Structure formats: structure tokens, C-alpha cells
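Single-structure report; data block below.
The values are calculated or read from the model by the stated rules, or taken from the named source; none is laboratory data. As the structure is a computational prediction, the values presented were derived from the model and not from experiment. Using ideal geometry, Cβ is built from the backbone for each residue, glycine included, and neighbour counts are taken over all protein chains shown. Side chains are part of the model used for accessible areas, which takes the heavy atoms of the whole protein and leaves out ligands, DNA and RNA. Shrake-Rupley method; radii C 1.70, N 1.55, O 1.52, S 1.80 Å.
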Amino acid sequence: MIHLINSNESVQFFLRMFAEDIEKSSVDEKFITVDTEFIRENLEHPLLCLIQIATSENAFIIDPLAIDISFLNKIFSNEKLPKIFHSAIQDIEILHNSNIFIKNIYDTQLYEMLLSTKEQISYQSIVFKYLRKRLDKDYSLSDWKKRPLSKKQIKYSVGDVTFLREIYKRQKKKLEDLNRLNWLLPEMKNLEQMHTNTDDGNIKIFHQLYEWIEKRAKEKNTNAKSIADEHAIKRICKKGKPYISKMLKYRGLINDDFKDFLIFAKEIVPDDDISDHTKHTPIVGALKLILEICSEKNSVAPMIIANTNELEKLVCDFKSSNIDIRCINGWRKEIFGKYALDFLNKKITLAFNNDQLGFIEQ
């Protein structure tokens, strides 16, 4: 059932129904899926227009423009209740701006990178992968502050959380079978605290760039890839502002949409840390090849294993006794870090074997 929560009376109804749903849910169903709709244009802070929550029995559309949403804090801060998002960063940022703080986060977009070399899978793609359904995204740029909401807006907004329940269960099962379910717990903790300067900076930047492209594509009624493809976004994340500046020099050879995209990218990509890293470029390039090999072998996206800054730091500091880099710790060390260290310590080298790139001992 779908319920619109936009009055004090309906808030009381929501609290009763929500408590009943969670109480009678089985252990495997005791979680909620969450999404938001917001408007960012011409506003210093995004305007939160809707919060969608789905339990095993009901879907709730909560209207922050009509009611005080502080009643949600008890639910979102419950550490025992998983909150499932897809691409959670913006949703969490917007909820934090409304003084809603979230514990026990699970992001299907990030966890999908532990099951595939594909980076930043879209919601449409993950719905098709797990449910074989094609979503109509015509309302993604709808005027969400307009009231009353249309039936199509309601249907669209609810679909994002109802489909997500089944996606989460299927994805979780795959991760459990591979013993990977706990691999991203530190990243989920960082999302709770919204550490914008974590090692996942490249992931956040990729997400922001991808969102900009999708928005421009909707405005122009064109395919997102006609503006910039995934490879262009990755190059910007990895090469930073020098690469963006180089591309902007070719203004006469690029279209206006791509030029605007580069200008936006230059605003959000952090300034480079000028250091001795530049003289190690060939070695960093070799580590990137090792990363690609390990990524393919383990079906894990390279971005979630290591980013360029980590590889550069590893090249400079690998002989240090107190080196502390994410990619040489935990599960990342097992699937990539140990090979990177062996390469840097000249224990292995890259070589072709049966027309495939791999490692051989030296």
C-alpha cells in the first residue's frame, strides 16, 4: 500500500503502521529502503521535497514541505535497523541538512562494485540487472515542490524504494556467498558521519559528475553518453585539474555541453597536491595495470579498491615502516595490495603469459 504523509494526523498513522510493519517482519525483511526527491537549482542548499520509505508491507511518501519531519530521527538513528539507499551520498547530505542523522547505512551502488568491475552503476541499470525491469525515468527532473503531486509522480517516487527492497535481498545474498558483505563497513560508517575528505573522494566526485551529465541529458532530451561517457569521467577523477585544463584548451574542437561539463568538473575537482609523485608516473602506471588485473580476476571495481592518490602515495612511501594506506590493508591487501607491494619490492614483474598480462616471480 502507498500512503502520503502530509499532516499531523497522517504522521501518527505512519508511526503506528511503521512500528507494526517492523515488528511483524521476519529477520530477513527487517530493513527499510529510502530515497529522496529534491531540487538543487538556484539554491545554496538543496530543497528537500519528498522522503520515500518502504517496509515489507507499505510504502510511505513523506512531504517535508507540509510537515515537521523531526519524528523520523528516532527511526533513522536506530542502529539495529538497516537503511538501504542507492547512491546514498546526496540523500544523506540533504537529510543531514534537515537535521536527520542516519545510522546503519547500506548503499547498493557501492556494494555492487564488489560484484562487478563496473563503477557507479545507475539505479536503472541495477533494477534491470536484478529484476529485469526497465524504468521510466521521465519524472526524475519533475517539479517536486509543486503540490498536489500527480499520480505519475507518486508512482515514480515509490518505485525507487519498492524495487530496492528486492535488489538489496538479492545483492546481499551474492555478497554473503562470496564472504564480502562486511568489506565496506568502514565506508558505510564514513557515510554516517559524512566525512567529505575520506579516501572515497574519487567516488564522490565521480557521482557528482555523473549526476551533472544525467541532468544535462534530461534537459536536452538526449543520451547522457553524447555529452560525456564513463571513461571521460574516470579520466577526470584520476588525472584531475591539469587534464581538465588541457581539454579546455581545445574549445574549438569540443561542443558546448562538454565544455560546460569540464567547467563544472574544474570547480569540484580538488587542487593537486604537488609533490614528488610526478616523477613516479611510470611506476604508478604499472600499479594501475596491476590494479586492472586484480580487478578483473576478482570481479571488483578498481575504484573501490584503490584510487590514483593512494597509488601515488604507495609508490612514495612503500618502504616506510609506518605506512598506512587503505589499499594495502584488509581485503584490499589480499586481492591487490600484496601484489602491488611485491612489485614495488621487485619480487614480481608484469609479463605476458598466454597472450594475457599477469605476474611472474623475479
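Assorted remarks:
- Mean residue ellipticity, 222 nm, helices only, the chain: the sum of -39500 (n - 2.57) across DSSP H runs of n ≥ 4, divided by residue count and rounded to 500, is -15000 deg cm²/dmol.
- Accessible area per residue, Å², the chain with all protein chains present, probe 1.4 Å: 53 Å²
- Acute angle (nearest 10 degrees) that the helix 230-248 long axis makes with the longest principal axis of the chain, alpha-carbon atoms: 70 degrees
- A Förster distance of 25 Å, applied to the separation of the beta-carbon atoms of GLU230 and ASP136, puts the FRET efficiency at 0.65.
- HIS96 contributes an accessible area of around 30 Å² to the protein surface, as traced by a 1.4 Å probe with all chains present.
- You can think of it this way: the chain between GLN362 and SER116 has 85.5 nm of extra reach, that is 0.36 nm per residue less the Cα-Cα gap.
- Volume per residue that the Cα convex hull of region 1-96 spans, once the total is divided by residue count, Å³: 100 Å³
- Evaluated at q = 0.22 Å⁻¹: base-10 log I(q)/I(0), Debye formula over Cα of region 265-362: -1.22
- The residues neighbouring PHE85, those whose beta-carbon lies less than 9 Å from its own, together hold a net charge of -2 under the Lys/Arg +1, Asp/Glu -1 convention.
- Shape category assigned to region 208-310 from the gyration tensor of Cα positions, a/c cut at 1.5: oblate
- Of the residues GLU119, GLU292, the one with the largest accessible area comes first in the ranking GLU292, GLU119, computed with a 1.4 Å probe on protein heavy atoms.
- The candidate values are [x] 22.9; [y] 22.4; [z] 20.8; the one derived from this structure for Kirkwood radius over Cα pairs in Å carries the label [y].
- Solvent-accessible area, 1.4 Å probe, carbon plus sulfur percent, for region 242-343: 52 percent
- Cα centroid separation - region 1-76 against region 293-335, whole Å: 39 Å
- Taking a straight Cα-Cα cut-off under 22 Å and skipping sequence neighbours fewer than 8 places away in the same chain, the lysines within cross-link reach of LYS319 are LYS279, LYS288, LYS333, LYS338, LYS346, LYS347.
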